[in-house]
1. With each label point set 7 Å from Cα along the Cα-Cβ vector, what nm distance links His136 and Ala84?
2. Compute the distance in nm between two label points, each set 7 Å from the Cα along the Cα-to-Cβ direction, one at Arg94 and one at Glu39.
3. Of all the accessible heavy-atom surface of region 203-357, with the other protein chains kept in place and a 1.4 Å probe, what percent is carbon and sulfur?
4. Subtracting the Cα-Cα distance from 0.36 nm times the residue separation, let me have the gained length for Arg303 to Asn257 in nm, one decimal.
5. Over region 34-119, calculate the relative contact order: mean separation of alpha carbon pairs under 8 Å at least 6 apart, over the residue count, as a percent.
6. Whole-Å semi-axes of region 43-118's equivalent ellipsoid, largest first, each the root of 5 times a Cα gyration tensor eigenvalue?
7. Can you tell me the relative contact order of region 241-384? Whole percent, Cα pairs under 8 Å, sequence separation 6 or more.
8. Going from most exposed to least, what order do Ser220, Ser51, Ser65 have by accessible area with a 1.4 Å probe?
Amino acid sequence: MSIAMERQMERRKTTRTEMGPDMMAPSMEADPRWRALRERDPAFDGRFVYSVRTTGVYCRPSCASRPARPENVAFHAGPAEAEAAGFRPCQRCRPNEAPLAARQAALVADACRAIETAEEMPSLDTLAATVGLSPHHFHRLFKATTGLTPRAYGAAHRSRKIRDQLASGRGSVTEAIYDAGFNASSRFYATSNAVLGMTPTAFRAGGADADIRFAIGDCSLGAILVASSGKGVCAILLGEDPDALARDLQDRFPKANLIGGDAGFEALVAAAVGLVEAPALGHDLPLDVRGTAFQQRVWQALRAIPAGETVSYAELARAIGAPTSVRAVASACGANPLAVAIPCHRVVRTDGTLSGYRWGVERKRVLLDREARVELAGVRDGQP
């Protein structure tokens, strides 16, 4: 230890001895930084570090090491200041490196790049070895960060890649399948309807020869468009301008056969209108739900929210096992093409206020009010 460092440590020791623990503790415990380290609050990581005289190390506020006595603690603006005072970084929380969350995010990003650049989907063991983690730890970390398992992420990437290549018109359908990482065309065709909503050839043609029946009607929230494929209802759109709703549908299926609904189709429209007028009663409409793997997980969780109740975007993210993917969850809610049938109107901000809604915040307010009235009426009538 240098002479200057020894003198500094001696001055610190003398000062603390003169003050005594009874004089040090009250002022330390009144410091909000002391509360942050006692609670191991990660929100304060990067804002300061603290050193412990008896161990000679400095730590992050969130360090999981045993709490030190207040008379042995000193605060520093950052690692440089703590090291200048003669302390060394804690080997447990590594305060002189990037925060743990950032390091973990970087590892997951590396794994994502490995998945995206591989000719075939790497095994879990291979991916874990790439980032230096055990397979179990890596799998749990990847899912917590992205909201998907590594295999689901790989499938979503391949789906997106084949969509882009088919839409570009370059090469044959078979070439697009293999370029997307499917090592056998049969494996892709087994899931093509779930991935594309139609055959690859029809998708490349922009939905050509796919029959989409639709009708536009009126409801208490304005115009409503209901569209259905051979699998089920694929769109319920709300708005003020019927022409704008029709253009929205056309943009989704630019070369599909858009067919005006006949008398039999009107019953489907009436069911959708009834759902808007009484959203708390639920529905039995057959749905053709098309989206990425992540979007479908979010939409499935939305359908599990009981009528009359709301959740925050953060709660929804935790419900699908992706607590750090709040923005992605909000984006999936915004991409929902089935108004009310997939009840994204039941998602609110953390403080309970209403946030953006694809079909307008006021419509969201009306839908929630209708559900609340039905729920309240059920309670008054003694229903469970």
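The values are calculated or read from the model by the stated rules, or taken from the named source; none is laboratory data. Quick caveat, the model's predicted, so the values are computed rather than measured. When we count neighbours, we look across all protein chains shown, and the Cβ atoms used for this are built from the backbone with ideal geometry, even at glycine. Only protein heavy atoms, including side chains, enter the accessible area calculation; ligands, DNA and RNA are left aside. Shrake-Rupley method; radii C 1.70, N 1.55, O 1.52, S 1.80 Å.
1. Spacing of the two 7 Å Cα→Cβ label points: 4.5 nm.
2. So the two model labels end up 2.7 nm from each other.
3. Numbers: 3460 of 6830 Å².
Whole-percent figure for carbon plus sulfur exposure: 51.
4. Numbers: separation 46, 0.36 × 46 = 16.56 nm, distance 2.97 nm.
Length gained between Arg303 and Asn257: 13.6 nm.
5. Working: 110 pairs, mean separation 23.5, N = 86.
Worked out over region 34-119, it gives 27 percent.
6. Working: eigenvalues 193, 26, 19 Å².
Semi-axes (√(5λ), whole Å): 31, 11, 10.
7. Working: 120 pairs, mean separation 34.5, N = 144.
Relative contact order comes out at 24 percent.
8. Working: Ser220 65, Ser51 0, Ser65 30 Å².
My answer, sorted largest first, is Ser220, Ser65, Ser51.
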